[in-house]
Amino acid sequence: MKIKSLEELKPLFAMAEEYKDDIKNLYAEAMKYVMPNADFNSETFSEIKKADAVYDTLAMVESDKLSRKIVNMVLPTSMQWGTLTSNGKMTNKNKLDTYGESIYKNIITSNLNKEALSFFNCLNIGTSVMRLNFTEDPSNPFKFDTLALNGLFFLEDKDGSPKIAFYKHFEIPNYIVNEKYGLSLESKEINYIECCYEYGEGKDLKTHYIVCNENFTDIYFENKDMGYFPLIICRGEKYSNNIWGIGPAIKALPNIVNNNETVYNIKLNTHAKQKPPLFFEGMKEDFKNFNFALGKLNYLGNANTNRISNLPNMSDLNPALMDSEKDRQAIRDIFFSSYITKDLGNGNPRTAYEWQQRYREFLEVFSPNYEMIEGEFLKPIFENCLKILILEEIDGITKEDIKTMEFKPKFKNKLTENYTQEKIQNFNNYISNIANIVGNPQIVIGVLKPDVLIKKYAEWYDIDMSLIKKPEEINQIIGQYLNATLNEQGGVSQGQPQQPEEII
């Protein structure tokens, strides 16, 4: 898709508005409890929004805990979490490694980890957006900004990716807009829209970037081949009836609302008990002299003359009957809290081994969520940062070199490690079962391809392949070992392999 004029953009923006209208009430309600100072529908953030009618912080606390957990998992500081790997074709591996290290080095010196926390807090609602900026400083080229959801509008491309993006800015002072885009707009405050979309295929893919007024009549800035996609949009679970994501906050919304109302009613009931309504019988002029301060003694007059009684509290309730703990536990479960916090109470891990098991369970149940995070957060960040390095020729990365290489991003973190360990464990079980059936562990080497097996293990454990001998050398060594072993056992039986080429 290639857009030739603003007139073609306007109906696309209207369509993106419709998608957002379908989900906005649900998002606004969830944000009320998880991000109470934000507003999904507001057209300005010039003032901090008051957290009206929010009486409990559980949803905020659980969202923050989950966000911190995700940041620590997908952006670990203890390992190089991103690199480049061959796409199956012959590619200069040394250059790939160098370029991958360069991307990673420049990303970790940026503010990504800081911005990631607020990004994943938004993602707990269902969708999040981050801007990637080039700083024009080769020593620290990237700056990331998590943007408020109120200005985001987007559509999916033919592959189902959020790659037709609009971001509307509300009530921006004119001097900022004029200075940024070299304009002379007179309105005191200005609403304007950024739009970016991709067109073309493969290595000819281009990003068209436009800044225009909110009516799509005047272009403030345009770059028909920006070189990278500046808006990183990531979603939680996505359902077929809408392109916006669904996160834990929306899934837990009924429990969050119930819990909030319970806390409010308990608070109301407590106040009613502390300061109950009173009624008075007797002489009106006597009532003016009574002081209801605690510890204050009052004379009511002759018996049966004046009497003060409290009105029975019709809202008197037993908080236990409200079953609030079920709602609170449901909120914790939906935010994966029982897999994250060690000391929640009964039934939670008490030993290091139990905690390790619980952590493995978390990696397993969170894996579907990770697929979206890798595809719509990690991968776009890594690819677009590489595009900036190419455009600016930072660290010696050139477009000519990249054009001759076939590669893709590869990510390493706790979740990918868990998946790799599962593959290794499954394969080890397979080998062990074969050896047990035959009764001889050495038969495994006779039926599997040693060079392929050793290479595969090296990939799983992320071992430098330059340390591994060539396939023909591996096969020869294994063949010699098998023959020597069989000879020690009294000769080779008929049909047993004697030469390396017969073994493989």
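The values are calculated or read from the model by the stated rules, or taken from the named source; none is laboratory data. From a predicted model like this one, the values you see are computed outputs, not experimental measurements. For neighbour counting, all protein chains shown are included, and Cβ atoms are generated from backbone atoms with ideal geometry for every residue, glycine included. Keep in mind that these areas ignore ligands, DNA and RNA; they rest on the heavy atoms of the full protein, side chains included. Shrake-Rupley method; radii C 1.70, N 1.55, O 1.52, S 1.80 Å.
Which pairs, out of LYS105/LYS168; LYS24/LYS410; LYS143/LYS455; LYS158/LYS206, put more than 27 Å between their alpha-carbon atoms?
Details: LYS105/LYS168 32 Å; LYS24/LYS410 35 Å; LYS143/LYS455 38 Å; LYS158/LYS206 15 Å.
The answer is LYS105/LYS168; LYS24/LYS410; LYS143/LYS455.
Out of segment 197-239, which trypsin sites (Lys or Arg not before Pro) are coil in DSSP terms and have no more than 12 other C-beta atoms within 10 Å? Don't skip to the answer; put the middle values down first.
Details: sites: LYS203, LYS206, LYS224, ARG235, LYS238; in loops: LYS224.
Those satisfying the criteria are LYS224.
Measure off, as a whole percent, the carbon and sulfur share of the 1.4 Å-probe accessible area of segment 71-190, all protein chains present. Please list the in-between numbers first.
Details: 2660 of 5550 Å².
On segment 71-190, the fraction of accessible area on carbon and sulfur atoms equals 48 percent.
How high is the relative contact order of segment 386-479, in percent, counting Cα pairs under 8 Å that sit 6 or more residues apart? Mind dumping the intermediate values first?
Working: 32 pairs, mean separation 15.7, N = 94.
It rounds to 17 percent for segment 386-479.
Chymotrypsin sites (Phe, Trp or Tyr not before Pro) within segment 363-471: which are DSSP loop residues with at most 15 other Cβ atoms inside 10 Å? Write out the running numbers ahead of the final one.
On the way: sites: PHE366, TYR370, PHE377, PHE382, PHE407, PHE411, TYR419, PHE427, TYR430, TYR457, TRP460, TYR461; in loops: TYR461.
Here the sparse-neighbourhood loop sites are TYR461.
Report the rotationally averaged projected area of segment 88-209 based on its alpha-carbon convex hull, in square nanometres. Don't skip to the end; give the middle numbers.
Details: hull surface 42.5 nm².
For segment 88-209, averaging the hull's shadow over all directions gives 10.6 nm².
Suppose all protein chains stay in the model; what accessible area per residue would a 1.4 Å probe give for segment 242-297, in Å²?
On the way: 3610 Å² over 56 residues.
Using a 1.4 Å probe on heavy atoms only, each residue of segment 242-297 averages 64 Å².
Hey, can you find the accessible area per residue of segment 131-202 for me, probe 1.4 Å, expressed in square angstrom?
47
What list of ³J(HN,Hα) values in whole Hz, one per residue of segment 12-29 in order, does the Karplus curve 6.51 cos²θ - 1.76 cosθ + 1.60 (θ = phi - 60°) give from phi, with Gly and Pro shown as x?
So the Karplus estimates, Gly and Pro as x, are 5, 5, 4, 5, 5, 4, 5, 4, 6, 4, 5, 10, 5, 5, 5, 5, 4, 5 Hz.
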